[in-house]
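Visitor: Sharing a structure with you now.
Where a number appears in this text, it was derived from the coordinates with a stated rule and is not lab data. Computed from a predicted model, the values in this text were never measured in an experiment. We place every Cβ from the backbone using ideal geometry, glycine too, and count neighbours over all the protein chains shown.
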Ligand SMILES: [Zn+2]
């Protein structure tokens, strides 16, 4: 009968629609109309979705830690509503270059959260855990505010197998190193890192790194490198990084891309050109950068590699010999000359345990104070004394603003802090650990208009996610993890300076990790919703287990 045909057909259509929505993962309310469907609803925000596209306005609904819906959504449909009128809603920032091996002692990771960071990649520059499974697994019993991924680091693996010696590995030692890297990749490392100015990474030749990078490549990892040289031989170092990627067959990420040789200031078109050429040949190469003209690393990285072989005790024995000490001074002096700086006034102590009054002062100032001398030899003697007394963390004011800007404008450049978790008011660290993302958005985007807001966000979200294989993060898309930052584009700015680094940025109101609020109205909450982000190596293992 015609009368009953239509209702039946309508019911069929409705069923099909419901099934259709279910199949494509769309939310279909299975509850009473007056019961909330979503855990959180963010309304009225201007959304910058991480893709680089211009902002748009919509509501975003979250359920079970994921973005359930984007569009016009009724307030009654959510347990909690956040009105973000006048604010920007962006994916939580992914900081791919960090050193947070100690994060379990500071699980709030406040300095990162307060600059809008929701995911960290640690294990950079050749130093990481050698037990990735244990490191990431610890999040279950000791939850963190942010998501965490790690690289497996060549330097730490080499140290475990071979100690700190200046020599090549025996074949069986190389096998052992490969096995540790393989296990790290299976346990979820996102790639291999090197730190080729540090002990013991600096003693590795290219073929050793290629061998280990091949293992990372088999498990879908990338190669992240603190290159052998960022100064007078920076071009050679870029070529070596690219060669490793081409020989081992994996993407290359050049860490904290910079030129720290004064004589080469302004040469970033050349160094960026080397990366562009490699990309044109088909190799995936990307870089990351922090938004400052000063770097930060150890004091001993300025001293000759031969002196540091075997670690501090060995070095002390060498320095006890007058002729060897003289050679160390002369080699260091040569390196200074090559770098284009006339003395060590560009080198400022961030943290020196033996005498905290040195913190914040340059080597030149300290030498004047301690020795009443201003010559370079005395400054190097002062550095050797401090090295022998346990070493120091340093800040080196060694870059050119023009290069920093040019590198930032390059499409394949990510924004990353190169920072650790910070304890408020401890030492005088590099301000990047408190201000990096905010500095880009406030200073370089709003004040200097160097790049667009949308592009800056892309460099902090979807580009890092794409590069490190976080397939469901870095974009505001239905089905993606609900990692967000909400900020005011008109006020966001970094407050941390080189003199007073322990200052949080302003203009960032909310940070949400996996749907849970870790920063609410500028205040830290107690929530610890962070997840371990494992590389594809752990998926391969999982799939083979499921077979
Ligand atoms: Zn580094």
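Visitor: How much of the calculated P(r) for the range 412-547 lies past 19 Å, in percent of all Cα pairs?
Guide: 60
Visitor: What nm value, rounded to one decimal, do you get for the distance between residue 497 and residue 105 when each label is placed 7 Å out toward the C-beta?
Guide: It works out to 3.0 nm between the two label points.
Visitor: Okay, moving on. Taking the 0 to 90 degree range and rounding to the nearest ten, how far is the long axis of helix 376-388 tilted relative to the main principal axis of the chain, both from C-alpha atoms?
Guide: With both axes taken from Cα atoms, the answer is about 60 degrees.
Visitor: Let me ask another. Can you give me the C-alpha center-to-center distance between the range 81-148 and the range 222-299, rounded to a whole angstrom?
Guide: 25
Visitor: Here's a follow-up. How much length would be gained if the chain were fully extended between residue 167 and residue 76, taking 0.36 nm per residue of separation minus their Cα-Cα distance, in nm to one decimal?
Guide: Gain on extension, residue 167 to residue 76, equals 26.0 nm.
Visitor: I need 355, 343, 403 ordered by Cβ neighbour count within 10 Å, fewest first. Could the numbers behind the result be given before it?
Guide: Values: 355 13, 343 17, 403 23.
Lowest count first: 355, 343, 403.
Visitor: For a quick check: sort 351, 141, 345, 417 by the number of other beta carbons within 10 angstrom, fewest at the front.
Guide: Fewest-to-most Cβ neighbours within 10 Å comes out as 141, 345, 351, 417.
Visitor: Taking only DSSP H segments of four or more residues, each worth -39500 (n - 2.57), what value at 222 nm results for the chain once the sum is divided by all its residues, to the nearest 500 deg cm²/dmol?
Guide: Value at 222 nm, helices only, nearest 500: -10500 deg cm²/dmol.
Visitor: Figure the gain on full extension for residue 490 and residue 306 (residue separation times 0.36 nm, minus the Cα-Cα span) and round it to one decimal in nm.
Guide: 61.1 nm
Visitor: As a footprinting exposure proxy, order 524, 394, 399 by other Cβ within 10 Å, with the fewest listed first.
Guide: By the 10 Å Cβ count, ascending, the order reads 524, 399, 394.
Visitor: If each of residue 35 and residue 205 carries a label point 7 Å out from its Cα toward its Cβ, how far apart are those two points in nm?
Guide: Output for this residue pair reads 6.9 nm.
Visitor: If you don't mind, there's one more thing I want to ask. For the range 491-528, list residues with backbone N below 15 Å from a point placed 7 Å from the Cα of residue 425 toward its Cβ?
Guide: Residues passing the 15 Å test: 500-504.
Visitor: Moving to a separate point now. On a full-extension model of 0.36 nm per residue, what is the gain between residue 243 and residue 520, subtracting their alpha-carbon distance, rounded to one decimal in nm?
Guide: 95.1 nm
Visitor: Using the Kirkwood formula over every pair of different C-alpha atoms, what hydrodynamic radius in Å results for the range 139-266?
Guide: 15.2
Visitor: If you take the beta carbon distance between residue 370 and residue 397 as r and set R0 to 22 Å, what does 1/(1 + (r/R0)^6) give as a FRET efficiency, to the nearest 0.05?
Guide: In this case the efficiency is close to 0.55.
Visitor: Kirkwood Rh, the chain, all Cα pairs: how many Å?
Guide: Its Kirkwood hydrodynamic radius stands at 24.8 Å.
Visitor: May I ask for the angle, rounded to the nearest 10°, between helix 322-339 and the longest principal axis of the chain, with both axes built from Cα atoms and the value confined to 0 to 90°?
Guide: Relative to the chain, helix 322-339 is tipped by roughly 50 degrees.
Visitor: Can you tell me what share of the DSSP beta bridges in the chain is antiparallel? A percent to the nearest 5 is fine.
Guide: About 55 percent, rounded to the nearest 5.
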